[in-house]
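Written below as structure tokens is the structure these notes are about.
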Amino acid sequence: MADLTGARPSARTRVWILVLALLLLGGGATAYTLRAASGRAAAVAGTADPGFTVERATGALYARDTASGRVARVDPAAPGGRVVGGPTCDRFHAAGPTALCLQRRPGVPARSYVLVLDRRLREIRRIALPGIPSRARVSASGNMLAWTMFATGDSYARSSFSTRTSILDLRTGYLVKNIEQIPLTLGGRRHHAPDVNYWGVSFAADDNRFYATVSTGGRTHLVEGDMKNWSAKALRENVECPSLSPDGTRLAFKKRVSDGPSEPWRLYVYELGTGREHPVAERRGIDDQALWTDRSTLAYGYGGAVWSVPADGTGTPRRLASGASSPAAPR
């Protein structure tokens, strides 16, 4: 102990004081490092702000805010026309009791997280997968989830790209990491080819049937899949990113109308019962999986904004939100 009479402390005492000071400083630095790491982890996780949910949000439109990368609720009465407070996502979709968030992770090669969230946007499952987020869909019940990742390339307009499409059944927890192995019937025959790619899944109300795009031999096809029987059959050519209407009778899709690299697609609607199709009033090249916000209206991303247009071919496109993408309308 130090001499309380005012004498200088001994050399041994001075050593112990120095050791104690270093321990205190080291502990403080460790605590600071841990707090900083925790803060960085929270930022990377991009969790939703308290109170920001998709509960009781029927009819509300959500989208990815380009400036922040976070999910926002479109609200014309709010500052900037939206309320930003959701998780950080590159693609987002929600339906029933479930939300799906695809997050691109930093680094090379490209890697991503698939986050399964509840209606309060709390994480309930996380899956790490290679690739770049492209498409995300949740079935109306919230039981079935599908997502597409670019394995190579990052645009459907390019000739050299590869995708991996996964399906997750939340009822059983069963994950199909790549649906390319599903038996495919094309032109009435079982089709085998190394260039098969699937993308843009849309589920029917029964959580069994789904529609998707398959590409093979330089052509794209609309396929109808059957989860129970684990099979898929091609229905028609030149259909990409199908989106099934709430009543299950129509599919919105992108149709290739040009072989050029500039805006090669137009947005169409296909009637499953009659086989008829018609373009919508949006004449620009839409590279998105359209969203049915109700039985008669489509929403989609174009030019850094979210737009809507009537599904019956009438009307004109209307901008819903600037600086936004990946629209979702939880029902």
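The values are calculated or read from the model by the stated rules, or taken from the named source; none is laboratory data. Everything numeric in this text was worked out from a predicted model, so none of it was measured. Because the Cβ atoms are built from the backbone with ideal geometry, glycine has one as well, and the counts that use them run over all protein chains shown. Surface accessibility is based on the protein's heavy atoms, side chains included, excluding ligands, DNA and RNA. Shrake-Rupley method; radii C 1.70, N 1.55, O 1.52, S 1.80 Å.
If we count every other residue with Cβ under 14 angstrom of ALA232's Cβ, Lys/Arg +1 and Asp/Glu -1, where does the sum land?
Summing Lys and Arg as +1 and Asp and Glu as -1 gives +3.
So which trypsin sites (Lys or Arg not before Pro) in segment 125-208 pass both tests, a DSSP loop state and at most 12 other Cβ atoms within 10 Å of the Cβ?
Answer in residue order: ARG158, ARG171.
Could you state the accessible area per residue of segment 184-327 in Å², with a 1.4 Å probe and every protein chain left in place?
44 Å²
Place a +1 charge on the Cβ of each Lys and Arg in segment 177-331 and a -1 charge on the Cβ of each Asp and Glu, then give the dipole magnitude about the Cα centre in debye, rounded to the nearest 20.
Rounded to the nearest 20 debye, it is 100 debye.
Among the aspartates and glutamates, select those whose C-alpha is under 16 Å from the C-alpha of LYS254, and discard any that sit fewer than 8 residues away in the same chain.
Those aspartates and glutamates meeting the cut-off are GLU237, GLU240, GLU263, GLU271, GLU277, GLU282, ASP287, ASP288, ASP312.
Just the number, please: carbon plus sulfur as a percent of the accessible area of segment 166-245, 1.4 Å probe, no ligands or DNA/RNA counted.
With neighbouring chains kept in place, the figure for segment 166-245 is 45 percent.
So how do 74-80, 260-266, 98-104, 116-122 stack up, highest first, on mean other-Cβ count within 10 Å?
The packing order, highest mean first, is 98-104, 116-122, 260-266, 74-80.
Lysines within cross-link reach of LYS228: Cα-Cα under 19 Å, excluding same-chain residues under 8 positions apart?
LYS177
Can you tell me which lysines have their Cα less than 21 Å from the Cα of LYS255? Leave out same-chain residues fewer than eight positions away.
LYS233
Any idea which of PRO246, THR274, SER296 is furthest toward the positive side of the dipole for segment 234-331, if Lys and Arg beta-carbons carry +1 and Asp and Glu beta-carbons -1?
SER296
Regarding segment 103-255, what's the average projected area of the Cα-atom convex hull, expressed in nm²?
Result: a mean projected hull area of 9.5 nm².
Can you list residues whose amide H is under 5 Å from THR249's amide H, if they're 5+ apart or on another chain and H is modeled 1.01 Å from N?
Result for THR249 returns nothing.
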